[in-house]
Amino acid sequence: MKNLFLILFSIILLNFFTLNKAYTIENNIYDKIDLFGEVLEKINNEYVDEINQSESMDSAINGLLQSLDPYSAYMSPEIYEEMQTETSGEFGGLGIEVSMESGVVKVISPIDDTPASRAGIKAGDYIVKINNIQVQGKTLSEAVELMRGPVGSGIELIVRRIGQKKAITFNIVREVIQIRSVKTDLIEKNIGYIRLTSFNENSGKQIKEKIREFENNKNINAYILDLRNNPGGLLSQAIRVSDFFLNEGEIVSTKSRKSSENRKWFAKKGDLIDGKTLIVLINYGSASASEIVAGALKDHKRAIILGENSYGKGSVQSIIPLKNKGAIRLTVAKYYLPSGESISEVGVKPDIEVNEETDEFRIKTETDNQLFYAIKLLNG
């Protein structure tokens, strides 16, 4: 009886402390909301210039989201509507995938054969000015909006590059961006070369067709899959492309705050190149879906990963509509490789590190150091 009393007393005490803690946290949150309202009122009454309170609130919301990670952001109703009406695979702009870091726009990767890549923009560049407008203090959506414009119109970007003291100025003309995600070539009559520039809804189908064409050539004894400067895209296509070269095993898993939403994807039997040697090329511009493919093939020891450490974008974003017809882009999960390691902020480390000496990935072995090394490795 005494033991039962002690157990009941302990449960009541535990519940009391739990409820008291929850009450304290809730009170703290309401105190912060009151404080925010007070700060907004002081700004509205005392700031040197008259402010647009609606825009201030949008900035506050975006500041909250961007404090979480570089990929979460607020989209106003106008920006959200524009995003929904963009034509799939074809849009006007510069051809770069970007994120926000330390208050400036960071280039994840320039896309092949676009104005940005031809001008010489590199993965890891920081865009500090757009048409002489400071990026510092802008949201990612606002910065992207500044980079958009009519096809044929010019834009000036001021860029800071790691390792260089002086800023670099790029004058670029906007174009309609048509993404051709798969390019192939036959190297030295025995190596099938596949370059994948993004993971869109047609990537897997196109690669499968190209592999079948290569496999009809009895001389093919090895493959190179080039994922350099590939900023990623659809998770479903990353899984499909990985599966082309595997017979079994886990490809990738996602873990979120809700354990019920955790998922794993596995390879089905059927290596399309029947165990032939495979080299995967990556660099700092290889991100997200590219890292899933490279990481899965590396963990299963199915491919030799050659090049530079990849970008390290290992998170899943969802677009969540809001009542005001805007939306938030929110990170809801992280990717994990078959080894259990996260890609986030770490990336995929190559098996063989070969530094990049060119920005032009065009079957030119005399200038493409990484491709030259891969071919030399395959040919012994």
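Bear in mind these aren't lab numbers, they're just calculated from the coordinates by the rules spelled out. All of these numbers come straight from a predicted model, not from anything done at the bench. With ideal geometry, Cβ positions are generated from the backbone for all residues, glycine too; neighbour counts draw on all protein chains shown.
Pick from SER339, SER72, SER198: which residue has the top mean-square fluctuation in a GNM of the chain where Cα pairs under 10 Å get a spring?
Of the options given, SER339 has the highest mean-square fluctuation.
Efficiency by 1/(1 + (r/R0)^6): what FRET value for LEU40 and LYS208, r their Cβ-Cβ distance, R0 = 45 Å, to the nearest 0.05?
0.25
I'm spelling it out carefully: the read-out is Rg/Rh (Cα atoms, Kirkwood Rh), the candidates are [x] 1.06; [y] 0.99; [z] 0.96, and one was derived from this structure. Which label?
[x]
May I ask for the angle, rounded to the nearest 10°, between helix 289-299 and the longest principal axis of the chain, with both axes built from Cα atoms and the value confined to 0 to 90°?
Approximately 70 degrees, to the nearest 10.
Report the calculated FRET efficiency for GLU353 and VAL48 (r = Cβ-Cβ distance, R0 = 51 Å), to the nearest 0.05.
For R0 = 51 Å, the calculated efficiency reads 0.45.
Put a dot 7 Å past each Cα toward the Cβ at LYS218 and SER56; how far apart are the dots in nm?
Result: 7.8 nm between the two label points.
Does the range 105-153 come out rounded, prolate or oblate, given a ≥ b ≥ c as the square roots of the eigenvalues of its C-alpha gyration tensor, rounded meaning a/c under 1.5 and, failing that, prolate meaning a/b above b/c?
Oblate is the answer for the range 105-153, as a/c is 1.5 or above yet b/c matches or exceeds a/b.
Toward the positive end of the charge dipole of the range 86-178, about the Cα centre and with charges on Cβ (Lys, Arg +1; Asp, Glu -1), which of GLY137, PRO110, ILE168 goes farthest?
The residue sitting farthest along the positive end of the dipole is ILE168.
For the chain, what is the calculated [θ] at 222 nm in deg cm²/dmol (nearest 500), taking -39500 (n - 2.57) for each run of four or more DSSP H residues and dividing by its residue count?
Using -39500 (n - 2.57) per qualifying helix, the result is -10500 deg cm²/dmol.
Ordered by residue, what ³J(HN,Hα) values in Hz, to whole numbers, does the range 67-81 give under the Karplus form 6.51 cos²θ - 1.76 cosθ + 1.60, where θ = phi - 60° and Gly and Pro are x?
3J(HN,Hα) across the range 67-81, in whole Hz: 6, 6, 6, x, 9, 8, 7, 9, 10, 5, x, 5, 5, 5, 5.
Placing +1 at every Lys and Arg Cβ and -1 at every Asp and Glu Cβ, with all other atoms neutral, what dipole size does the range 86-178 have around its Cα centre, in debye to the nearest 20?
Details: 11 positive and 11 negative charges, 120 e Å.
For this selection, approximately 580 debye.
Take SER153 and ARG257, extend 7 Å from each Cα along the Cα→Cβ direction, and tell me the distance between the two endpoints in nm.
Result: 3.8 nm between the two label points.
Would the range 51-166 count as rounded, prolate or oblate if I go by the C-alpha gyration tensor, calling it rounded below 1.5 in a/c and otherwise prolate when a/b exceeds b/c, oblate otherwise?
Taking the square roots of the gyration eigenvalues as a ≥ b ≥ c, the range 51-166 is oblate.
Tell me which residues come under 5 Å, amide H to amide H, from VAL354 once H is placed; ignore anything under 5 positions away on its chain.
GLY307, GLU308
By how many nm would the segment from ILE133 to LYS189 grow when fully extended, if each residue of separation counts as 0.36 nm and the alpha-carbon distance is taken off? It would help to have the intermediate numbers written out before the result.
Values: separation 56, 0.36 × 56 = 20.16 nm, distance 5.10 nm.
So the extension gain works out to 15.1 nm.
What angle, in degrees between 0 and 90 and rounded to the nearest 10, separates the Cα long axis of helix 53-66 from the longest principal axis of the Cα atoms of the chain?
The two axes meet at around 60 degrees.
For ASP351, ASP299, ASP49, which order do you get if you count the other beta carbons within 10 Å of each Cβ and list the fewest first?
ASP49, ASP351, ASP299
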